[in-house]
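Just below is one structure, and these are the notes that go with it.
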Amino acid sequence: MNKDEPFKRLVENAMDFLSHSIDEFKEHPKFSVIHFHTAVELFLKSRLMAEHWSLVVSNRGDSDWEKFIVGDFRSVTLIEAVDRLNKIIRSGFSKKDLKTFKSLTNHRNKIVHFFHESDSEEGNEKLREAIAKEQLTTWYLLHKALTDRWSNVFSPWFVNLNEIDSRLRTHREFLQVIFDQKMPELENFKQHGYIFRNCLTCEFPSQKNIDEIGKLYEAECIVCGFTENCITIACPECEQPIVFRNEGFGKCENCNHSFDPNSLAEELVDDRNTYIARLEGDDSWQFGSCGECDGFHTVVRLDKEGNNYLCTTCFGEFDSMETCGWCHELNTGDMADSYWFGCGICGGKGIDYELSY
Ligand SMILES: [Zn+2]
Ligand SMILES: [Zn+2]
Ligand SMILES: [Zn+2]
Ligand SMILES: [Zn+2]
């Protein structure tokens, strides 16, 4: 069998399960949950497969191509797949995303083992709302990976993916009720100075934002619960506020000044604090590198009181940085063995050297 064949089949099966899950949503929510979960798992496995087929096998020590092509192997679970994407391919998901995938698996397991139809129409409505939220938020994360970070792998399926994306978005009509119910709460928050922006997953203007420059905060959608790490800065050219949502790429709407993670990090670093701290021998205000996403010099300290560090590439939040024992660069990862094994930007001294010594 051609090595590409199992990969293509996986992707097509993933599409098929997803399509069924959307069809079943209204009348058979139980099957929609189960098939949606299978679809997500297959998409993640297909990304692993594009790297190497053996990554899909649960215990890689037993990888055997002949057994693999006839399906005689135990494959990774959805969560194991996310873990391998992060650790091996280094192109995965944040800790926050991982939580979303875990709750998808938990919900699916509950449905399989304990589900019974609600007696009331109201109970079924509530269930559909919960599933709509879950599928919209998970699909947002997955669709973004498939069409953005992994676009070189999945571009032949872009037409199908877009078609599925617009079908899935019809779920949002089930959230209209929640949005209507939340209106008074939303108005009340506005009176207290909060700003509401369109949520990226449910698309209602229900994402709650603070109105403050230079402060990292979690913007939560009061309809679907989707959250993003956000920070607002004043444009260095025209002083208009620019909001960065979960990524360091952005543009000033007023003067078109554009940013990437490194220029945002430059903008966020407090020069005065850095200067004073340096005089005092405190290097925690220097640029650090990110152990989560391998961002180089994209981690900055945000405030003087709290220990609050932001990576402007993955928008991960950290409460400390450590110095690599080998290259002496600041890093958000665990630097315990860094003298030997290095950090995200260096290889360390290397253990072989010492053994031959
Ligand atoms: Zn939302
Ligand atoms: Zn500007
Ligand atoms: Zn990062
Ligand atoms: Zn290092």
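No lab work stands behind these numbers, since they all come straight from the coordinates. Everything numeric here is computed off the predicted structure, so don't read it as measured data. Cβ coordinates were reconstructed from backbone atoms using ideal geometry, including for glycine residues, and neighbour counts include every protein chain displayed.
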Notebook entry, point to check: In nm, to one decimal, how far is the modelled label at GLU218 from the one at ILE88, with both set 7 Å along Cα→Cβ?
Noted result: 3.1 nm
Item checked: Size of charge dipole - segment 96-241 - debye, nearest 20, with Cβ of Lys, Arg +1 and Asp, Glu -1, no other charges -> 540 debye
Item checked: Cβ-derived FRET efficiency at R0 22 Å, HIS28 paired with GLU173, nearest 0.05 -> 0.80
Note to self: List the residues, sorted by chain then number, that are 5 or more residues from GLY316 or on another chain and whose placed amide H is less than 5 Å from its amide H.
What the structure shows: CYS311
Check: To the nearest 20 debye, what charge dipole does segment 30-103 have about its Cα centre, counting +1 at the Cβ of each Lys and Arg and -1 at the Cβ of each Asp and Glu?
Finding: 480 debye
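Classify segment 4-174: rounded, prolate or oblate, from the alpha-carbon gyration tensor (a ≥ b ≥ c, eigenvalue square roots; a/c under 1.5 rounded; otherwise prolate if a/b is larger than b/c)? Mind dumping the intermediate values first?
Numbers: a/c = 1.89, a/b = 1.58, b/c = 1.19.
Cα axes put segment 4-174 in the prolate bin.
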Notebook entry, point to check: What size of dipole, in debye to the nearest 20, comes out for segment 170-240 about its Cα centre when the only charges are +1 on Lys and Arg C-beta atoms and -1 on Asp and Glu C-beta atoms?
Noted result: 140 debye
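I'd like the FRET efficiency for GLU280 and GLU187, computed as 1/(1 + (r/R0)^6) with the beta carbon distance as r and R0 of 51 Å, rounded to 0.05.
Working from the Cβ atoms, E equals 0.60.
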Item checked: Karplus-derived HN-Hα couplings along segment 185-196 (A = 6.51, B = -1.76, C = 1.60, θ = phi - 60°), whole Hz, x at Gly and Pro -> 4, 4, 4, 4, 4, 4, 4, 8, x, 6, 10, 10
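Can you bin the chain into rounded, prolate or oblate? Criterion: square roots of the alpha carbon gyration tensor eigenvalues sorted a ≥ b ≥ c, rounded for a/c under 1.5, prolate for a/b above b/c, oblate for the rest. Write out the running numbers ahead of the final one.
Values: a/c = 2.18, a/b = 1.15, b/c = 1.89.
Oblate, because a/c is 1.5 or more while a/b does not exceed b/c.
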Check: What list of ³J(HN,Hα) values in whole Hz, one per residue of segment 35-52 in order, does the Karplus curve 6.51 cos²θ - 1.76 cosθ + 1.60 (θ = phi - 60°) give from phi, with Gly and Pro shown as x?
Finding: 6, 5, 4, 4, 4, 4, 4, 5, 4, 5, 5, 5, 5, 5, 4, 4, 7, 6
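So, by mean Cβ neighbours within 10 angstrom, what's the order for 324-332, 27-35, 162-170 with the highest one leading? Could you put the intermediate results ahead of the total?
Numbers: 324-332: 20.0, 27-35: 18.2, 162-170: 14.2.
Those peptides, ordered most packed to least, come out 324-332, 27-35, 162-170.
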Item checked: Amide hydrogen neighbours beyond the local backbone of SER75, cut-off 5 Å, H modeled -> SER58
Notebook entry, point to check: Once phi is turned into ³J(HN,Hα) by the Karplus curve 6.51 cos²θ - 1.76 cosθ + 1.60 with θ = phi - 60°, what whole-Hz value does each residue of segment 337-350 show in order, with x for glycine and proline?
Noted result: 9, 5, 4, 8, 9, x, 10, x, 10, 9, x, x, 5, x
Margin query: On a full-extension model of 0.36 nm per residue, what is the gain between ASN152 and SER320, subtracting their alpha-carbon distance, rounded to one decimal in nm?
Written below: 57.0 nm
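With a ≥ b ≥ c the root eigenvalues of the C-alpha gyration tensor of segment 193-259, is it rounded (a/c under 1.5), prolate (a/b larger than b/c) or oblate?
Values: a/c = 2.12, a/b = 1.85, b/c = 1.15.
Taking the square roots of the gyration eigenvalues as a ≥ b ≥ c, segment 193-259 is prolate.
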Item checked: Distance between modelled label sites at HIS328 and VAL243, nm, 7 Å Cα→Cβ extension -> 4.3 nm
Checklist line | Greater than 28 Å apart at Cα, pairs in LYS99/LYS208; LYS26/LYS102; LYS45/LYS251 | finding: LYS45/LYS251
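What percent do you get for the relative contact order of the chain when only Cα pairs under 8 Å and 6+ apart count?
Numbers: 525 pairs, mean separation 28.1, N = 357.
Reported as a whole number, the value is 8 percent.
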Checklist line | Among 282-290, 338-346, the order from most to least packed when residues are scored by Cβ within 10 Å on average | finding: 282-290, 338-346
Check: Measuring from label point to label point, each 7 Å out along Cα→Cβ, what is the LEU98 to ASP4 span in nm?
Finding: 3.4 nm
